[in-house]
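Remarks on the structure that follows.
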Amino acid sequence: PDHGVIRGREFVHRSLRFRFVAPQGYRLSNFPNEVVAKGPNNTLVVFDMSPESFSGPPTSYLTDVWPKSRQLKDLQNVTIGQSPGAYAQIDVSTQQGPINLRFLAIRADSRRFFRFLFAAPTRFASANFNAVQQIGQSFRRLGAEEARAIQPRRVAIHKVAPGETVHDLERRMAF
């Protein structure tokens, strides 16, 4: 649980005390420094925490630090839960074709940001926007008690004894 826990489409992090839910059709993978959600039509969401310290406003974080572009479109302040944030997008050309990138930065504390990068082929830009909205709406901070209750699931191996039935094994299951 030190790097968070995936439960279906939900990602929860005990020590950083937050959660979010990936959109339907997205599959989450948890890595030490980021969470990746792969979706339909080559859509991708990457979540991480800003490595650099920045105490300015969220919109300045997007224009000056990440992705550090003055060419962003639709730059705006947003509030996610109780936290200030910023949103913007940009279209870029790649060897695989045009890509729509959307950025969502949410203030984590006075110096750092939670960051979501949404990427999709430009022809699926509206689906990309829907993913931004769904994850943004699902993101919330956790209270101390709720965070303490997060426990990883454990797999127990049971050697079947002679005479045990499927029903005997079923009764041993936690869920």
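The values are calculated or read from the model by the stated rules, or taken from the named source; none is laboratory data. Given the structure is predicted, the values throughout are model-derived calculations rather than measurements. Note that each Cβ is placed from the backbone with ideal geometry, even for glycine, and that neighbours are counted across all protein chains shown. When the accessible area is computed, the model is the full protein with side chains, heavy atoms only, and any ligands, DNA or RNA have been set aside. Shrake-Rupley method; radii C 1.70, N 1.55, O 1.52, S 1.80 Å.
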For this session: Leaving ligands, DNA and RNA out of it, report the carbon-plus-sulfur percent of the accessible area of region 1-47 at a 1.4 Å probe.
Result: 46
For this session: Mind pulling the angle between the C-alpha long axis of helix 125-138 and the longest principal axis of the chain? Nearest 10 degrees, somewhere in 0 to 90.
Result: 60
Exercise. Taking every pair of alpha-carbon atoms in the chain, what share in percent sits in each 5 Å bin, from 0 to the bin with the longest distance?
Worked result: 1, 8, 16, 17, 18, 13, 8, 5, 4, 3, 3, 2, 1, 0, 0
Exercise. Most fluctuating residue of Pro84, Pro152, Pro23 in a GNM of the chain with Cα springs under 10 Å: which is it?
Worked result: Pro152
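Does region 72-175 come out rounded, prolate or oblate, given a ≥ b ≥ c as the square roots of the eigenvalues of its C-alpha gyration tensor, rounded meaning a/c under 1.5 and, failing that, prolate meaning a/b above b/c? Could the numbers behind the result be given before it?
On the way: a/c = 3.93, a/b = 1.92, b/c = 2.05.
Verdict is oblate for region 72-175.
Quick one: compute the contact order of the chain, relative version, from alpha carbon pairs under 8 angstrom and 6+ residues apart, as a percent. Present the calculation step by step, with values, prior to reporting the outcome.
Details: 314 pairs, mean separation 38.0, N = 175.
Dividing the mean separation by the residue count of the chain yields 22 percent.
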For this session: Treating the Cα atoms of region 53-117 as identical point scatterers in vacuum, please give the log10 of the normalised Debye intensity I(q)/I(0) at q = 0.12, 0.17, 0.18, 0.27 Å⁻¹, two decimals.
Result: -0.29, -0.55, -0.60, -1.15
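Starting from the eigenvalues of the Cα gyration tensor, five times each then square-rooted, give me the equivalent ellipsoid semi-axes of region 21-95, largest first, whole Å. Please report the intermediate quantities before stating the final value.
Working: eigenvalues 104, 57, 36 Å².
That gives 23, 17, 13 Å for the three semi-axes.
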Exercise. Taking a probe of 1.4 Å, how large is the accessible area per residue of the chain, in Å²?
Worked result: 61
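Given the DSSP H assignment, sum -39500 (n - 2.57) over each helix run of at least 4 residues in the chain and divide by its residue total; what's the result at 222 nm in deg cm²/dmol, nearest 500? Walk me through the intermediate numbers first.
Working: 4 runs with 33 residues, N = 175.
Computed ellipticity for the chain at 222 nm equals -5000 deg cm²/dmol.
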Exercise. Which Cα, out of His13, Gly85, Thr59, lies furthest along the positive dipole direction of the chain (beta carbon charges, K/R +1, D/E -1)?
Worked result: His13
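For region 1-43, what class follows from the C-alpha gyration tensor (a ≥ b ≥ c being the square roots of its eigenvalues): rounded when a/c is under 1.5, otherwise prolate if a/b is larger than b/c, else oblate?
On the way: a/c = 2.81, a/b = 1.84, b/c = 1.52.
Taking the square roots of the gyration eigenvalues as a ≥ b ≥ c, region 1-43 is prolate.
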Exercise. Out of Ala131, Ala149, Ala108, any idea which swings most in a Gaussian network model of the chain, alpha carbons joined below 10 Å?
Worked result: Ala149
Exercise. Can you pull the percent of region 48-91's accessible area that's carbon plus sulfur, 1.4 Å probe, other chains left in place?
Worked result: 45
